[in-house]
Amino acid sequence: MVRRTLTLLSVVSYTVALQHASALLIHGRAVDGSKQPDETTKYCDSGEIYERSYLMPKRFPFPPIRLVMETASKTCDFYKDRDFCRAFSEDRNFEPEQHVKSALASFLDGCHSRECAAIDLGGNNGWMSAYMYSLGANPVYTVEPAADLAQALRDTITLNCWKGRGEVITGFAIAGSESLNGALPAWLPKNMPADNGWRAGGRPENLSLPLAPVIPLDDILLKRPRWDLIKMDADGPEGRWITRIEQLLSAGKLDVRTLVVEGHECSPELMHRLQNHHGYDIYLLDMHIDKRFLNAQGIDVYSHFQDTHLPEFLTEMYGIRFMRHVYHFRSDMTKAQWGQAVPITRTYDNQYVITKEELLEPQWEHPYATANPSPEREKSRYAPPVDGIGRD
């Protein structure tokens with residue numbers, strides 16, 4: 001018993017030292033004090049931050065994560081809908097977006113054993129940044145203009161023992177012009193209001209936030225020469241952001257492996273340049289397309305896997321890494337075809353994965369299946385591609 005006690009004290013002392021003697025080790029419990037079955041058992045916090053957090057339930061391949069969602073315990077006061085936090089924590093809510101979450105997992109899985117640098121432009125309440133941290137990304141830079149949400153993410157980082165692995169920047173990232181070498185024009189204001197940003201649970205009444213500083217996008221992008229993943233979702237500036245990234249790519253100042261972006265103002269010309277001049281492979285996430293919906297069992301309950309008559313430059317793919325269903329853009333698309341592709345969603349804007357990663361891997365049939373074909377195989381007249389992939 002004495003040995004077990006000393007061992008426990010050693011573990012606690014070591015963990016506290018890692019947190020610069022500022023954190024305490026506490027047992028995981030629900031906001032109301034009860035234990036939740038899939039929750040981690042230890043957090044780095046004295047208790048106050050924990051009491052303002054809600055569980056993001058374990059969803060493969062992510063561990064359970066605690067997310068700070070309020071300024072006062074049990075109030076859910078970041079949102080107009082005061083039931084939003086509980087619905088979120090009980091996994092009754094669409095958010096966080098499954099499509100983006102699956103894309104992040106597809107490119108950041110394994111980052112605990114390799115260097116992965118990531119940016120989250122448009123952090124909102126921090127759930128996607130939290131997923132990046134949980135997968136081992138280091139460093140992670142998050143940009144969010146709303147001061148309350150930015151501070152909540154800092155608290156989430158402290159709570160989940162991720163301090164020292166990134167930075168939360170409160171401000172508006174603005175793409176400077178190429179003619180000014182990425183600097184911002186003098187006529188831009190130094191600060192802008194941050195009260196009107198979108199919130200999943202609605203903005204609370206009388207929300208009053210301090211002005212947020214305006215930051216040149218280059219100040220974030222050029223913190224290092226290479227990024228594994230940049231996620232963008234800020235309901236407006238994405239096209240200007242990617243235009244600046246494309247300029248830095250062309251100048252040899254930046255290397256970005258993958259972008260996950262809600263493509264506001266991403267013009268056909270911009271998408272064509274990324275694909276044809278920079279060699280990116282581009283996928284369309286199945287969001288706002290609404291031709292198929294794969295339920296929990298992976299069944300297409302909208303179209304039952306029947307032909308949905310896509311444009312000839314789009315190919316459907318299933319089970320690509322952690323992404324259940326995506327559309328792939330043909331690699332040699334023309335500007336005119338991109339003109340058709342950009343407005344393809346029913347509403348909102350396309351959500352893209354723009355990547356240098358090779359996502360397709362060879363799939364070989366078992367030799368028995370080819371030597372002794374089933375009636376289904378014979379009927380399909382399947383001709384195996386030489387490379388096991390069948391690239392278009």
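The values are calculated or read from the model by the stated rules, or taken from the named source; none is laboratory data. This one's a predicted model, so the numbers in the text were calculated from it and none came from an experiment. Every residue, glycine as well, gets a Cβ built from its backbone with ideal geometry; the counts of neighbours run over all protein chains shown. Note: accessible area is taken over every heavy atom of the protein model, side chains too, but ligands, DNA and RNA are not part of it. Shrake-Rupley method; radii C 1.70, N 1.55, O 1.52, S 1.80 Å.
Listed by first and then second residue, the pairs linking a residue in the range 68-80 that is under 20 Å from Met128 (Cα atoms) to a residue that is assigned to a loop (DSSP other than H, G, I, E, B) and aromatic (Phe, Trp, Tyr), with Cβ atoms under 7 Å apart and 6 or more places separating them unless they lie on different chains, are Met69/Phe78; Glu70/Phe78. The sole residue among Ala194, Ala152, Ala117 that is farther than 24 Å from Asp286 by Cβ, in contact (Cβ under 8 Å) with a residue 12 or more places away in the chain, open to solvent by less than 30 Å² (accessible area, probe 1.4 Å) and touching an Asp or Glu at 6+ places or on another chain (Cβ under 6 Å) is Ala117.
Taken across the range 311-330, residues that are over 20 Å from the mean Cα position of the chain (by Cα), basic (Lys, Arg), more than 25 Å from Leu221 (Cβ to Cβ) and surrounded by fewer than 19 Cβ atoms within 10 Å (Cβ to Cβ) do occur, with at least one present. Here Gly164 fulfils each of the conditions (1) farther than 24 Å from Arg244 by Cα; (2) more than 25 Å from the chain's Cα centre (by Cα) apart from (2). Only one entry of Ala130, Ala103 meets the criterion of being within 22 Å of Gly197 (Cα to Cα) and among the hydrophobic types (A, V, I, L, M, F, W, C), and that entry is Ala130. Applying the criterion of at least 1 residues that are out of contact with any His (no Cβ under 9 Å at 6 or more places or on another chain) and not hydrophobic (A, V, I, L, M, F, W, C) to the strands (runs of 3 or more DSSP E) found wholly in the range 299-392 leaves 323-329, 351-355.
Considering the range 149-198, and only residues there that are aromatic (Phe, Trp, Tyr) and more than 23 Å from Pro216 (Cβ to Cβ), the residue that is modelled with the lowest pLDDT turns out to be Trp198. Cβ-Cβ distance below 9 Å, separation of 6 or more or different chains: which pairs start in the range 359-377 with a residue that is within 24 Å of Met317 (Cα to Cα) and of a type in the set (Gly, Ala, Ser) and end on one that is part of a helix (DSSP H, G or I) and modelled with pLDDT of 95 or more? Filtered contacts from the range 359-377: Ala369/Arg377. Taking the range 59-94 as the range and being within 24 Å of Tyr318 (Cβ to Cβ), out of contact with any Leu (no Cβ under 8 Å at 6 or more places or on another chain) and either assigned to a loop (DSSP other than H, G, I, E, B) or at pLDDT 95 or above (or both) as the test, the residues that pass are Phe60, Asp91, Phe94.
Residues in the range 334-370 that are in contact with a strand residue (DSSP E or B) (Cβ under 9 Å, 6 or more places away or on another chain), closer than 20 Å to Lys291 by Cβ and aliphatic (A, V, I, L, M) were compared, and the one that is surrounded by the most Cβ atoms within 10 Å (Cβ to Cβ) is Val353.
Just so you know, in the range 204-233 the residues that are modelled with pLDDT under 95 and not hydroxyl-bearing (Ser, Thr, Tyr) include one that is most open to solvent (accessible area, probe 1.4 Å), and it is Asn206. Counting only residues that are under 30 Å from Phe329 (Cβ atoms) and either among the aromatic types (Phe, Trp, Tyr) or exposed (fewer than 10 other Cβ atoms within 10 Å of the Cβ) (or both), how many does the range 377-391 have? So the answer is 6. Ala146 meets the stated requirement of being over 23 Å from Phe107 (Cβ atoms) and either in contact (Cβ under 8 Å) with a residue 12 or more places away in the chain or surrounded by fewer than 17 Cβ atoms within 10 Å (Cβ to Cβ) (or both). Filter the range 270-286 for residues that are buried (at least 18 other Cβ atoms within 10 Å of the Cβ) and either of a type in the set (Ser, Thr, Tyr) or part of a helix (DSSP H, G or I) (or both) and give the result. Hits for the range 270-286 are Leu270, Met271, His272, Arg273, Leu274, Gln275, Tyr280, Tyr283.
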